[in-house]
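Reviewing the structure listed below.
The values are calculated or read from the model by the stated rules, or taken from the named source; none is laboratory data. Predicted model only: the values in this text are computed from it and were never measured. Here Cβ is always computed from backbone atoms with ideal geometry, including for glycine, and neighbour counts include all displayed protein chains. The protein model used for the area step is the full one, side chains on, heavy atoms only, and it has no ligands, DNA or RNA in it. Shrake-Rupley method; radii C 1.70, N 1.55, O 1.52, S 1.80 Å.
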Amino acid sequence: MGRSYIVDEAVAKYLGGLQADPGSCSTGLLAGQSSPQREFVVLAMQTPHRESEGQLKSSRGGSQLDDIDVEWVTEHARQVSRMLPGGLCILGLFLVTPPELSKDAQNTLKRLIFAMDKCIGKGRLWELTEEDVTDRVTLHICSKTKKTVCKTLDVKDPKSSAKPADWKYQTDVSSSWPMLTCSVEVDLPIPLTGSSDNTDKCMKDGLRRWAKQIEAGNCLISGRQALDDSELISGQKKNIKTTHRQTLPARILVSDEQPELDERCSALVQLCSGSIRVRGVVHCRAYIHNNKPKAKHAAQAIKRDIINTVSSRVEMFLEDLLISEGSHKGLCTGQQALPRRVFAPMPFSGLSVCDYMFPDESTADVAERLKEMLDWETPEEDIDISLEKNQLFSPELEIIDGHDSSKHVISEEVENSKIHKAPHYYTGVAVAATIALLATATSLLYFSE
């Protein structure tokens, strides 16, 4: 028998209520939490209709399966993955077809699942571990009989074949999952080298270096260090389900220790056309299943949420700039507000999803996006905008112009060192400018709620 999928009854009700036009196909996402033992599916959402979808279908011939817009399905998955807090991820896809298309459904699902995983993986800054599950679930549903076929594909192997999986429904799957929370103060300078067209690459490189620091940091949960194999909640009695959700405060500590004497260190001096500083306080949260959770898995979930929420905001800022101005050449010096993170409750589960609200947006805009992306109605009063409301600490970008060719940036790399502090270099007259633009000299202060 393959992997087991524990599916919330709310997902079963949603899938059973999907309505499709006779003879047509529909796709959607399955989200939840992955663990080495089993998967937990707590959310399903149908792919929204594309405005030009009808025109595309009328211009194509052949099977309805050939008309599925792979690019649109993967873009939906990318957008939804931003809305999931730590511990939750896209687990796979479902496909609803009429009976006559059932034979070809698995080939279509395989094509979609590999495209989706590739799209999501492009924006990932944290490293996968050996314990990360690379199986993705595919669920085929017959629109007439409602019969389901559940299989998995290993996205690590493009030649992998589908394996049968166990799909079991259960009530209140996530109602008692512990929630980890923390607030993180970020102050991250990123040097811009080369032309303005190189902004994306510079931002990703700077964020990637910072992400490695977060991954290497020490995590405290409820004041205790999250050791590798220790239980997240010690002293918990077996076979007794808690009826409430525990909230566990977390802290991430990043050391500024000097590298060891035997470690190799190199310095690179580069011309700098300017710099961008990402700073502000961001709210982070993560959920962890209550099936004997390990502290290391909880620490990993909250660290990845920290990395995801910062990188998502920067990506959204650049995307918004590209849409509004047509190119990144329109970067203006000064302070630019990043979108704030807001949270909304997930129907029936008690978990939360998140969205990002720009200064010129309202909760009505958030509710509209939740409806489009997640396919459910959210009252505006249920959207929590309070966690990053303080304007003094709101996330922002500070863009510094550096047309003066005498300005340089020194970025140092330390091999075999997880945590390090930038060494001091004397560079003559330019020393003040170079130190101010150290690429990895990030000053991070973390404090728990």
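Annotations
- Which numbered condition L322 fails, given (1) part of a helix (DSSP H, G or I); (2) crowded, with 18+ Cβ neighbours inside 10 Å: (2)
- When K303 is tested against (1) at pLDDT 95 or above; (2) under 27 Å from D132 (Cβ atoms); (3) out of contact with any Gly (no Cβ under 9 Å at 6 or more places or on another chain), only condition (3) is not met.
- Scope the range 178-222; condition modelled with pLDDT of 90 or more, among the acidic types (D, E) and farther than 19 Å from R285 by Cα; matching residues: D187, D205
- Residue within the range 125-137 that is crowded, with 20+ Cβ neighbours inside 10 Å and closer than 19 Å to I68 by Cα present: yes
- Scanning the range 200-232 for residues that are more than 22 Å from V314 (Cα to Cα) and open to solvent by 30 Å² or more (accessible area, probe 1.4 Å) yields N218, L220, S222, G223, R224, Q225, L227, D228, D229, S230, E231.
- The residues of the range 25-42 that are under 27 Å from P99 (Cβ atoms) and open to solvent by less than 20 Å² (accessible area, probe 1.4 Å), listed by number, are S26, T27, G28, L29, L30, V41.
- Note on the range 366-384: residues that are open to solvent by 50 Å² or more (accessible area, probe 1.4 Å), outside any helix (DSSP H, G or I) and over 25 Å from L18 (Cα atoms) amount to 1.
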